[in-house]
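First up is the structure itself, then whatever we jot down about it.
No lab work stands behind these numbers, since they all come straight from the coordinates. All values derive from a computational prediction rather than experimental measurement. Reconstructed Cβ throughout: ideal geometry from the backbone, glycine too, with neighbour counts over all protein chains shown.
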Ligand code: RI2
């Protein structure tokens, strides 16, 4: 990013929101960074007289783009921080916070991947669900740490087939990776002696629960029934301060045609795209600040997020 013209290449908030809604920009961490960058661009381009109203409108537009991943709301709120500065100081302050948000998110990915790699034993068999850029980074780091001596099974994750993205990236990194149907997950957990499940996160709430791509809960249930540790890799931007106030994520329900493109007479279709995995099915969250048990999540959120005055 150019230091002289920060975020000059970033999409505008309108473009970023459109890309996020259409899932051309997807992955919880990425949409949070995209929101921060779009606000950085607005702050850099808007005149002092209108910068506050432009940022406020852009923040609301971005938050509404997708409902479940809290990193989007955090990307907006950490960057705007209630727009508490005076007009002439607002633009530079927002640009600085947008830069910090993006930098912190990228640094967290590297730190968490290294931590998870240390937890994975040599020769391990691992299973992942959906495409989490962070889970893939963890698996590649474990592969590198053990000179290629790990195996990965990846669920295909209908209806968007995001498991294909994970397997393509893992294969390109030289990882021994096998794609499986979602419904094969329990069979593979059992028959292949899976040592750890590693998934990403869309939102972690104060009660220690995980909101992640649909099917995560079934995998976690399977892992618990077989005594397999279930790890969730999540940077601190994935934790929901709003849940401290009793506001929990809305589970996004998308177009039924994503499940069935040609309607069948008399058949209704549902397409919820996330689910909630309760805390007792999660062994540990892996954050850039260290491992975290679900019972400690509330204190972690209280500690990590400040007063949140004026947040959307
Ligand atoms: P990273 C994705 O949601 C998946 O649910 C994935 O587990 C989660 O974001 C986290 O991904 P979607 O945007 O932030 O594909 O680790 O619906 O990349």
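Quick look at the values:
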quantity: Cα-based helix-to-principal-axis angle, 216-225 vs the chain, degrees rounded to 10; calculated: 40
quantity: Calculated over the chain: convex hull of Cα atoms, volume per residue (Å³); calculated: 139
quantity: The stretch 252-312, relative contact order in percent, only Cα pairs under 8 angstrom and at least six apart counted; calculated: 21
quantity: Between helix 70-80 and the chain: long-axis angle, C-alpha atoms, 0 to 90°, nearest 10; calculated: 20
quantity: Protection proxy ranking, peptides 34-43, 166-175, average beta carbon neighbours within 10 Å, highest first; calculated: 34-43, 166-175
quantity: Cβ-based exposure ranking for 211, 242, in which fewest neighbours within 10 Å come first; calculated: 242, 211
quantity: Unit Cα scatterers, Debye sum, the stretch 221-312: log10 I(q)/I(0) for q = 0.19 Å⁻¹; calculated: -0.99
quantity: Label-point gap, in nm, between residue 85 and residue 186 - each point 7 angstrom along Cα→Cβ; calculated: 5.4
quantity: Rounded Å value of the spacing that divides the Cα centres of the stretch 203-273 and the stretch 104-142; calculated: 20
quantity: Overall Cα dimensions of the stretch 133-253, principal axis frame, Å, largest first; calculated: 45, 28, 27
quantity: Residue 173 versus residue 5: modelled label distance in nm, points set 7 Å from Cα along the beta carbon direction; calculated: 3.4
quantity: Principal-axis tilt of helix 51-63 within the chain, Cα atoms, nearest 10 degrees; calculated: 20
